[in-house]
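Here the structure comes first, spelled out in structure tokens, and everything after it is commentary.
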Amino acid sequence: MAQGLGLPLTELDSFKDQAAQDLIGLNPDLFVVVSFGLIIPKWFLDASAVGAVNLHPSLLPRYRGPAPIQWAIRNGESETGITIIKMNERMDAGNILYQEAFRIYDEEDAESLSQRLADRSAAILPEFIERIAVDGLPPGVVQQEDEATYTSMISKEMGLIDWSAPADRIVCQVRAFVSWPTAYTCLDGKLLKVFKASRGREQVGGEPGSIVEIVPEGLIVVATGGTVVLKDVQLENRKRMNATDFARGYRGILGKRLI
């Protein structure tokens, strides 16, 4: 995008790179950091005249670290938000300058929630930066360390569905990992990706992972404490499709177990 607008672009893999020194050589007034994957050292933060701010997609001090949107959905949270902080050398621990809460809707996935937060962030950041240009960087509010929680990097293995888990938890897993790694299971020895699912009716007979019914909404699969409705799936080497249509074309699918 920067190149398309004719703006200078510097790509940085490490703060040991010459590119870091080149940025400092521009005598920056303010660093604005969004979705940047490296820990920024104090000597670099101190190189700006005013300071550095970071926009983080969670209600800090909760969900410090990578992939906070995915983890909030994965953990069944009903609310998240965006927070702008004054950066220091610690990860996502600086004083809070701005915070706004957002409801997480029941069937909302990480893609749609990320877009909502990105749209709002793009709307507020220019005005926020203009205020800093006029009034300077405010001291902000100190984060409560005893309320801090931390996330971890997402791995491919986290997409594997454990059908002995509670049904609600499986649905949250599908919603959280829709982009990557995508929730997955195995059907007749082949990988089955699940892109959309919802909570079904209460517990029915059958072992966890058993496909017990085909309904207009999708495939009913047994989990702990209830069932999961698979709505959008993709079998290995096949195209992604509505789960009901997939089931109609898969002979003998009723009674099979997903593992």
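Please treat every number below as a calculation from the coordinates, not as lab data. Keep in mind the model is a prediction, meaning the values are calculated, not measured. Note that each Cβ is placed from the backbone with ideal geometry, even for glycine, and that neighbours are counted across all protein chains shown.
General observations
- Derived scalar couplings between HN and Hα for the stretch 180-194 equal 7, x, 6, 4, 8, 8, 10, 10, 6, x, 10, 5, 10, 7, 10 Hz in order, rounded to whole Hz, by the Karplus curve 6.51 cos²θ - 1.76 cosθ + 1.60 (θ = phi - 60°), x for Gly and Pro.
- Summed residue charge, Cβ within 11 Å of ARG103's Cβ, Lys/Arg positive, Asp/Glu negative: -3
- Every helix of 4 or more DSSP H residues in the chain counts as -39500 (n - 2.57), and over all residues that averages to -7000 deg cm²/dmol at 222 nm.
- Inter-part distance, the stretch 37-114 to the stretch 227-259, computed on C-alpha centroids, equals 37 Å.
- Taking the square roots of 5 times each eigenvalue of the Cα gyration tensor of the stretch 18-147, largest first, gives ellipsoid semi-axes of 27, 15, 15 Å.
- Of every Cα-Cα pair in the stretch 1-70, the percent that sits beyond 16 Å: 58
- Highest-first arrangement of 139-147, 239-247, 38-46, where packing means the average Cβ count within 10 Å: 239-247, 38-46, 139-147
- When the chain is treated as a GNM with alpha-carbon contacts under 10 Å, the residue of ALA67, ALA19, ALA52 showing the greatest mean-square fluctuation is ALA19.
- Judged by the mean number of other Cβ atoms found within 10 Å, the most tightly packed of the peptides 89-101, 214-226 leads the ranking 214-226, 89-101.
- If you take all other residues with their beta carbon under 13 Å from the beta carbon of TYR250, and give Lys and Arg +1 and Asp and Glu -1, the sum is +2.
- Working note: Cα atoms of the stretch 97-138, range along each principal axis, descending, whole Å: 42, 14, 10.
- Which label in (1) 40, 22, 16; (2) 32, 29, 22; (3) 44, 19, 15 gives the computed semi-axes √(5λ) of the Cα gyration tensor in Å: (3)
- Antiparallel DSSP beta bridges within the stretch 18-147, as percent of all bridges there, nearest 5: 70
- Selection from SER164, SER152, ALA67 lying farthest towards where the dipole of the chain points positive, charges on Cβ: SER164
- Degrees between helix 167-176 axis and first principal axis of the chain (Cα, 0 to 90, nearest 10): 50
- Over the stretch 156-248: Rg over Rh, Cα atoms, Kirkwood Rh: 0.92
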